[in-house]
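Input: a single structure, listed below in structure tokens.
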Amino acid sequence: MADPQAPSSAATAIAGVEAGLAAQGYIASRQIATAVYLSQAIDKPILVEGPAGVGKTELAKAIAAWRGLKMIRLQCYEGLDEAKALYEWKYAKQLLYTQILKDKLGEVLGGAQTLHAALAQLHDFGDVFFSKEFVEPRPLLQALLEPNGCVLLIDEIDKSDAEFESLLLEILSDFQVTIPELGSIAAAKPPTVILTSNSERNLGDALKRRCLHLHIGFPEQKLEERIVESRVPGISQTLRRQLVAFIHDIRSLDLKKQPSVSETIDWARVLVLLQAAELGHEVVKDTLNVLLKYESDIEVALPQVTTFVAKAQRQHVF
């Protein structure tokens with residue numbers, strides 16, 4: 001009879017994902033590790049949503065480094081089309097080939113006895129213009145052509161036009177694309193696909209159905225302390241706990257932009273550089289611009305600095 005206390009193979013695998021990402025400096029929550037495991041197990045893309053700076057893009061980088069895979073990144077923007085995302089024809093090469101064919105036209109048609117035969121021979125050569133040799137792969141097609149697989153990061157999908165989502169549907173569901181002149185091109189090995197969104201616009205249901213959904217918000221205090229410890233190894237335990245506590249209080253204010261995890265890490269590095277042993281009123285005031293990116297937010301936070309610093313110091317005295 002199986003031991004009910006023994007960890008399941010899935011639980012072991014999820015723990016392995018956590019450990020693998022941690023080895024790359026990415027401290028993942030259980031929810032993140034589970035999503036990465038499921039994506040691998042069922043070959044499904046992950047749509048990662050959440051505010052900017054919480055580690056969505058870094059997750060793709062960490063997965064690629066952990067699994068030893070190439071990462072191919074498609075940065076989305078308004079007006080992105082298939083010529084920049086999927087493929088385009090090598091027009092210069094086609095023109096050169098045309099010139100060569102023109103110079104050799106006599107040799108090409110030398111054996112043709114009739115106009116019909118000559119046209120048939122030219123038609124055969126014409127098909128070569130739209131062959132794989134003349135295709136310039138862009139990130140989406142590059143990912144499908146990778147023989148050993150890769151991590152395909154489609155970053156900030158919400159910044160692209162809604163029409164661009166339709167271009168992605170075949171890739172996300174079947175890991176293939178259809179080029180009219182060439183037919184369907186299937187992935188040599190299905191890539192691990194990570195889409196990120198800052199929720200600037202609502203994404204279509206068709207795209208969401210093809211993906212696992214993962215929301216990464218601001219981490220809990222203990223997890224954020226682990227992240228700082230991993231990314232800023234020179235920081236003391238006292239300062240680490242105090243600054244994370246302070247940031248969690250700052251996030252309770254009505255700000256235009258809440259400080260993200262990336263700002264937490266930057267601020268921790270600045271405090272270490274300034275040789276701060278613990279959080280103090282003056283050093284916070286002098287460096288608050290590292291944490292908050294809008295002057296209006298700094299003006300909101302300044303009256304609370306003394307209170308929040310004192311609270312952080314009281315909570316983390318040992």
Pairs of Cα atoms farther than 14 Å apart, the stretch 216-272, %: 47 percent
Give a residue-ordered list of calculated ³J(HN,Hα) values for the stretch 271-282 (Karplus: 6.51 cos²θ - 1.76 cosθ + 1.60, θ = phi - 60°; whole Hz; x for Gly, Pro). 5, 5, 4, 7, 6, 6, 7, 8, 6, x, 4, 5
What are the aspartates and glutamates whose alpha-carbon lies under 13 Å from the alpha-carbon of Lys56, with same-chain residues fewer than 8 places away excluded? Asp155, Glu156
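Return the subset of Lys159/Lys208; Lys44/Lys189; Lys70/Lys257; Lys44/Lys208; Lys159/Lys256; Lys70/Lys208 for which the Cα-Cα distance in this structure is over 22 Å, preserving the input order.
Lys70/Lys257; Lys70/Lys208, as the Cα separations exceed 22 Å there.
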Can you work out ³J(HN,Hα) from phi for every residue in the stretch 73-86, in order, using Karplus 6.51 cos²θ - 1.76 cosθ + 1.60 and θ = phi - 60°, giving whole Hz and x for Gly and Pro? 10, 10, 8, 7, 7, 5, x, 4, 10, 5, 5, 9, 9, 10
Residue by residue through the stretch 146-154, which ³J(HN,Hα) values in whole Hz follow from phi under the Karplus form 6.51 cos²θ - 1.76 cosθ + 1.60 (θ = phi - 60°), with glycine and proline marked x? 5, x, 9, x, 6, 9, 9, 9, 9
Check the straight Cα-Cα distances from Lys311 and name the aspartates and glutamates below 15 Å, setting aside those fewer than 8 residues away within the same chain. Asp249, Glu278
What Rg and what Dmax come out for the stretch 188-318 when only alpha-carbon atoms are used, in angstroms? 17.7, 59
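All of the numbers you see were taken from the coordinates with simple rules; none came from a lab. What you see is a predicted model, and the numbers here were worked out from it, not measured in a lab.
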